[in-house]
Amino acid sequence: MMPGPLIDIVDLKTHFRDRRTGAEVKACDGVTVSIGEGEIVGLVGESGCGKSTLGRTVVGLERPSSGKIIFRGEDLLSLRGRRLAESRRQVQYIFQDPYSSLSTRQTIGQAIDEALVINGEKNAKARQKRIEELLAAVGLPTQIMDRYSREMSGGQRQRVCIARALAANPKVLICDEPVSSLDVSIRAQIMNLFLQLRDEMGMACLLIAHDLAVVRQAAQRVYVMYLGRLMEIGESRALYDRPSHPYTQALLSAIPDTDPKQERVRQRIMLNGDVPSPVNPPTGCRFRTRCTAAQAVCETPPPAKVMGPGHIAACHFAGEVNLAPARH
Amino acid sequence: MKAIKDLYKAVGLPICFLIGFFIFIAVFGKYVSPYDPNAQNLLKASQTFSAEHWFGTDNLGRDTLSRLVAGARTTLFGVTLVLLMAGSVGMVIGTISGYFGGWLDEILMRIIDFGLSVPSLVVALAIVGVFGPDFWNMILALAIAWVPIYARLARGVVAAAVNQPYIESLRVLGASRTRIIVKHLTPAALGSVLIYASADAGVLALNIANLSFLGLGVQPPQAEWGQMLVAALPYLEEAPRLVILPGLSLTIMVIGFNLLGEAIALAKNPRPMSKRRLFQRRREFLKEIAA
Amino acid sequence: MIQTVGSATPILDVRNLTVTLHTPKTSVRPVDRVSYTVNEGEILAIVGESGSGKTILNLAPLGLLPAGVDSDIEGSVRFEGQDVLTSGEDKLRAVRGGGIGVIFQDPLSALNPVRKIGRQIAEVAEEHLKLTPRAAEQRAGELLSLVGLPDPLSRLQQYPHELSGGQRQRVGIAMSIAGEPRLLIADEPTTALDVTVQAQIVSLLKDLQRRLKMAIVMITHDIGVVSGMATKVAVMYAGRLAEIGSVDDVLTRSVHPYTLGLLNSVPTLKAPIGSRFSGLPGSPPDLSRRIDGCAFMPRCSQAIPNCERGRPPLVHAPGDSPEHLAACPVVMNKLADELA
């Protein structure tokens with residue numbers, strides 16, 4: 001499909017030390033994700049699974065404990081100084097909350113201008129022109145340059161954040177829940193913008209989200225994460241049509257149907273108990289404490305079973321277990 | 001400029017007059033005083049209120065009004081100087097501490113905590129004891145004593161801001177540390193520092209007067225209210241105005257600073273509207289909707 | 001305004017409720033002449049996005065607006081026949097937590113972080129059921145078990161920060177039903193939760209509703225939650241009621257363009273992979289300004305000239321349900337066609 005991954009995140013581990021208790025929180029504990037040029041890849045999971053930590057580590061907001069981040073052939077973690085800065089700039093980040101991502105003391109124009117200055121554009125006229133181009137690229141009128149973020153709606157603010165990220169000429173956008181804090185009817189505007197950027201600029205995206213329906217529609221490939229590890233990966237169609245890992249099945253089953261008649265009768269998978277603490281994840285398969293199909297063998301590390309081309313599930317019973325009836 | 005307009009809108013006309021008055025005295029006081037505050041004229045000593053000397057003269061024949069104005073200038077000068085020094089040093093320490101965190105933060109903050117626990121008077125005594133009583137040594141002592149609170153203030157603001165998405169997004173965009181600290185964190189800290197300083201000025205003015213009263217600060221013949229007060233005590237019976245007037249001046253200035261501080265705090269945290277304002281708001285809105 | 005034929009007094013009867021909020025700088029009207037009823041045993045979902053007024057609608061009459069905001073409330077809100085807006089603070093306090101329970105969106109904000117959970121729940125029971133502290137504590141334990149928290153007795157001694165988000169929300173629910181309310185108002189109770197936990201909470205609420213015979217008003221923007229729980233749905237837009245009716249009518253036989261647009265915006269697993277997302281263009285109007293005609297008109301693909309002529313009244317939607325109403329001139333035309 002694509003000529004080799006643009007970004008290859010290899011066995012990344014990011015552990016934190018809890019200040020209060022001193023315990024080690026294994027937020028992201030050995031995850032391998034690859035993103036090709038112009039590809040939108042989804043990373044889904046519930047809160048506490050470590051997907052945000054992964055995204056933050058890739059852009060340098062968190063320091064990893066081990067692993068590699070290979071961008072265009074070089075391991076970012078082994079670079080220093082200028083080389084590191086140049087490469088890092090090509091991987092930008094979109095935050096969940098567009099309001100707190102923008103300084104309240106700057107106008108939109110000033111914020112994007114600053115991004116351009118940081119990225120080396122010395123000519124003020126050239127910057128002005130670029131600001132107009134960027135605003136047009138995200139569908140905002142140029143008049144918005146003189147406004148402050150508090151005068152704008154959530155959807156507009158998120159577009160500004162995207163325009164600002166584009167000012168750095170990135171190859172990949174890491175988007176952490178980019179639409180969760182926006183109204184449902186507005187989300188489409190932003191999601192379509194990501195699709196447009198991919199189609200027109202070849203922009204790759206790592207879409208980190210908990211809304212599986214959104215991820216399914218936007219991403220070509222999806223990674224499912226739980227408690228710091230990957231449970232299942234695959235192309236959207238295969239993963240959503242034939243989910244092979246019990247956790248994926250449970251996640252899909254939890255999505256409500258908007259038709260009340262269907263919703264009333266459909267069966268839902270209920271998981272046992274709560275998510276265990278990332279300080280002390282269960283041995284072997286991390287999901288076994290909540291999985292209704294868990295057996296003794298699940299206390300040993302699960303194999304990565306290949307279910308089809310590019311479709312892998314980390315489960316002893318992948319393909320054999322089916323916690324939910326088919327959804328159509 | 002815009003800032004002045006904002007200030008006027010925020011704190012109202014009376015406070016603006018007050019600030020204007022202070023600034024006027026500080027800058028033009030020398031030219032406005034009827035006499036040289038240090039000019040002695042023993043022939044006219046200890047005179048009461050008169051047309052020639054509006055507030056009379058002191059025991060050495062110096063014009064009281066001129067000395068009050070000079071005292072005002074000394075106090076304002078001292079307050080400004082201390083706040084500038086303590087504010088800037090405090091902000092630098094606090095910003096560095098807040099930005100870098102970790103062990104640097106811990107060490108700096110423990111030093112600051114120590115500084116906070118020592119009363120300003122003790123610091124002043126220590127400095128003056130070593131270097132001698134003098135206006136500049138007093139300023140130095142007060143500045144040292146005042147640094148910790150501003151360091152703490154700045155550190156609080158910066159430590160909170162550093163983890164905010166808007167600062168993190170600058171890091172991801174590739175902004176240098178310097179840019180983040182100077183262009184974004186410092187202005188944020190400056191805001192809090194200025195608000196605190198406006199209320200703090202009154203306390204500082206009192207401290208300057210206290211130290212001078214005790215003989216540890218401004219030395220005669222330089223005019224300063226606290227020092228004028230202590231010098232006039234022996235003459236309390238015959239010329240009470242020499243004691244009352246400096247005291248009154250100090251009181252008025254401190255009240256003025258406090259009002260300024262309150263007004264700024266109020267502007268930042270608006271209280272519920274008065275009934276009158278509410279009715280006004282209601283009428284305006286109904287007109288807008290019905291129009 | 002239609003009431004269900006043959007029912008007793010509705011538990012909640014809201015008529016022409018208008019809420020105006022004033023701050024020194026601006027005024028907004030987040031609720032503009034809204035009327036609806038909730039009968040015993042019903043679960044009414046009030047659906048809307050930000051700026052729809054759905055939260056203020058429910059919190060203002062109970063006096064639960066944030067401090068420092070001046071509000072004008074007009075109209076009537078009758079709880080079990082008694083107008084809550086004209087009751088004094090004492091009566092209101094008895095109703096809050098007693099007749100009416102409230103579940104807040106953020107479980108953390110409803111719980112006092114420095115007090116034990118058991119104590120907080122027991123307090124509610126003491127106040128409204130007039131129990132002794134000991135009996136109240138016992139009741140608290142029963143409630144925790146009722147909401148599905150494992151090991152309820154040890155939970156009583158725990159503090160809020162020791163629990164997970166889902167567990168805290170369960171505690172919040174326990175607190176809201178501790179006074180044995182007849183009406184439960186739930187403000188976005190599942191928004192801050194993961195999707196697997198959401199399913200559990202929805203199931204819990206339905207179960208509690210059956211057992212305790214409560215009516216529920218559920219404020220939400222999540223259509224999935226609505227379809228899973230509600231018997232009746234009211235769609236709010238810009239402080240006004242756009243559409244109201246049974247859940248089947250509003251979700252599967254919707255007529256108001258906003259409702260249709262909103263439902264269309266919810267991504268489903270049936271959409272073709274890689275297709276464009278559907279949504280609504282633009283954004284909701286500014287509620288501090290005057291709105292001429294229909295508030296949704298600027299974003300509506302079906303707008304006709306009539307939509308500008310004053311605020312559209314609620315009319316019957318074409319079809320068999322007498323209680324299915326929508327405020328839309330386009331719907332009015334369809335109705336006229338049907339009758340013709």
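Where a number appears in this text, it was derived from the coordinates with a stated rule and is not lab data. Remember, it's a predicted structure, so these values are computed and weren't measured experimentally. Ideal geometry is used to build each Cβ from the backbone, glycine not excepted, and the neighbour counts take in all protein chains shown.
A few remarks follow.
- Too-long pairs where the Cα-Cα distance tops 22 Å, listed order kept, from C:Lys130/C:Lys206; B:Lys287/C:Lys25; A:Lys51/C:Lys116; A:Lys261/C:Lys270; C:Lys206/C:Lys270: C:Lys130/C:Lys206; A:Lys51/C:Lys116; C:Lys206/C:Lys270
- Histogram of C-alpha separations across chain B, 10 Å bin width, %: 6, 22, 26, 22, 14, 7, 3, 0
- Each of C:Val77, A:Val10 was scored by other Cβ atoms within 10 Å of its Cβ. Listed from fewest to most, they are A:Val10, C:Val77.
- Across the range A:283-297, computed HN-Hα scalar couplings (Karplus, 6.51 cos²θ - 1.76 cosθ + 1.60, θ = phi - 60°) run 6, x, 7, 5, 8, 5, 6, 10, 8, 6, 10, 5, 10, 4, 4 Hz from first to last residue, x flagging Gly and Pro.
- Amide H to amide H distances under 5 Å link C:Glu80 with C:Leu12, C:Asp13, where only residues 5 or more positions off or on other chains count and H is placed in the peptide plane.
- Fewest-first sequence of A:Cys49, C:Cys328, A:Cys291 by Cβ atoms within 10 Å of each Cβ: A:Cys291, A:Cys49, C:Cys328
- The Cβ shell under 10 Å around C:Val102 holds other residues with a net charge of 0, Lys and Arg each +1, Asp and Glu each -1.
- Placing pseudo-labels 7 Å out from each Cα toward the beta carbon at B:Thr178 and B:Phe114 gives an inter-label distance of 3.2 nm.
- A Cβ-based charge dipole, computed about the Cα centre of chain C with Lys and Arg at +1 and Asp and Glu at -1, lands at about 320 debye.
- Cβ-Cβ FRET estimate between B:Glu284 and B:Ile23, R0 fixed at 41 Å, reported to 0.05: 0.70
- Full extension of the segment from B:Arg276 to B:Val32, taken as 0.36 nm per residue of separation minus the current Cα-Cα distance, would add 83.6 nm.
- Each principal axis of the Cα cloud of the range A:104-168 was evaluated for its coordinate range; sorted largest first, these ranges are 31, 24, 18 Å.
- Taking 7 Å steps out from each Cα toward its Cβ at A:Val279 and B:Glu106 produces label points 1.9 nm apart.
- Database remark: amide H of A:Tyr226 closer than 5 angstrom to the amide H of A:Met231 (H placed geometrically; neighbours at sequence offset of 5 or more, or on other chains; Pro and chain starts carry no H).
- Helix B:2-11 axis versus longest C-alpha principal axis of chain B: approximately 80°, rounded to the nearest ten.
- Note on the range A:135-179: Cα Rg divided by 2.2 N^0.38 Å, N the number of residues, gives 1.16.
- Signed unit charges on C-beta, dipole axis of the protein assembly as shown, positive-most listed residue C:Ser52, B:Val218, B:Leu173: B:Leu173
- Cα centroid separation, the range B:229-291 to the range B:40-113 (Å): 21
- DSSP-defined beta bridges in chain A - what % are antiparallel, rounded to 5: 60
- The coefficient of translational diffusion for the range C:1-124, derived via Stokes-Einstein from the alpha carbon Kirkwood radius under 37 °C and 0.692 mPa s, stands at 203 µm²/s.
- Cα centroid separation - the range C:118-150 against the range C:30-78, whole Å: 28
- Angstrom value of the Kirkwood radius, inverse mean 1/r, which spans all Cα pairs in the protein assembly as shown: 32.6
- Principal-axis analysis of the Cα atoms of chain C puts helix C:329-339 at an angle of about 70° to the longest axis.
- Placing +1 on the Cβ of every Lys and Arg and -1 on the Cβ of every Asp and Glu, with no other charges, gives the range A:125-249 a dipole of roughly 380 debye about its Cα centre.
- Computed over chain C, the per-residue total of -39500 (n - 2.57) for DSSP H runs of n ≥ 4 gives a 222 nm mean residue ellipticity of -9500 deg cm²/dmol, rounded to 500.
- Within the listed set C:Phe79, C:Phe104, C:Phe277, the Gaussian network model of chain C (springs between alpha-carbon atoms below 10 Å) gives the highest mean-square fluctuation for C:Phe277.
- Centroid-to-centroid separation of the range A:190-257 and the range B:114-175 [C-alpha atoms, Å]: 50
- Positive minus negative residues near A:Thr14 (Lys, Arg vs Asp, Glu; Cβ under 9 Å): +2
- Think of the protein assembly as shown as a dipole: +1 on every Lys or Arg Cβ, -1 on every Asp or Glu Cβ, centred on the Cα centre; then among B:Leu76, B:Leu13, A:Leu182, B:Leu76 lies furthest on the positive end.
- Relative to the current alpha-carbon distance between C:Arg134 and C:Arg115, full extension at 0.36 nm per residue lengthens the span by 5.2 nm.
- Charge-dipole axis of the range C:108-188 as Lys and Arg at +1 and Asp and Glu at -1 on Cβ define it, positive-most pick from C:Gln167, C:Leu131, C:Ser109: C:Leu131
- Local charge for B:Leu206 was computed over the other residues whose Cβ lies under 14 Å away, with Lys and Arg +1 and Asp and Glu -1, and equals -2.
- Stokes-Einstein diffusion coefficient of the range B:1-127, Kirkwood radius over Cα pairs, 4 °C, 1.567 mPa s, in µm²/s: 69
- Over chain A, DSSP H runs of length four or greater, each weighted -39,500 (n - 2.57), average out per residue to a 222 nm ellipticity of -9000 deg cm²/dmol.
- Lys, Arg +1 and Asp, Glu -1 on Cβ, resulting dipole of chain B about Cα centre, debye, nearest 20: 1560
- Of the Cα atoms belonging to chain A, the radius of gyration and Dmax stand at 20.8, 68 Å.
- Calculated SAXS-style log₁₀ I(q)/I(0) at q = 0.06, 0.08, 0.13 Å⁻¹ - chain C, Debye, Cα scatterers: -0.23, -0.40, -1.03
- Approximate spin-label separation A:Gln262-B:Phe131, in nm, with each point projected 7 Å along Cα-to-Cβ: 7.9
- Bridge orientation summary for the protein assembly as shown: considering DSSP beta bridges with both residues in this region, about 60 percent are antiparallel.
- Fewest-first sequence of C:Met236, B:Met85 by Cβ atoms within 10 Å of each Cβ: B:Met85, C:Met236
- DSSP-defined beta bridges in chain C - what % are antiparallel, rounded to 5: 60
- For A:Gly30, nonlocal amide neighbours, meaning residues 5 or more places apart or on other chains whose placed amide H falls under 5 Å from its own, are A:Leu12, A:Lys13, A:Thr14.
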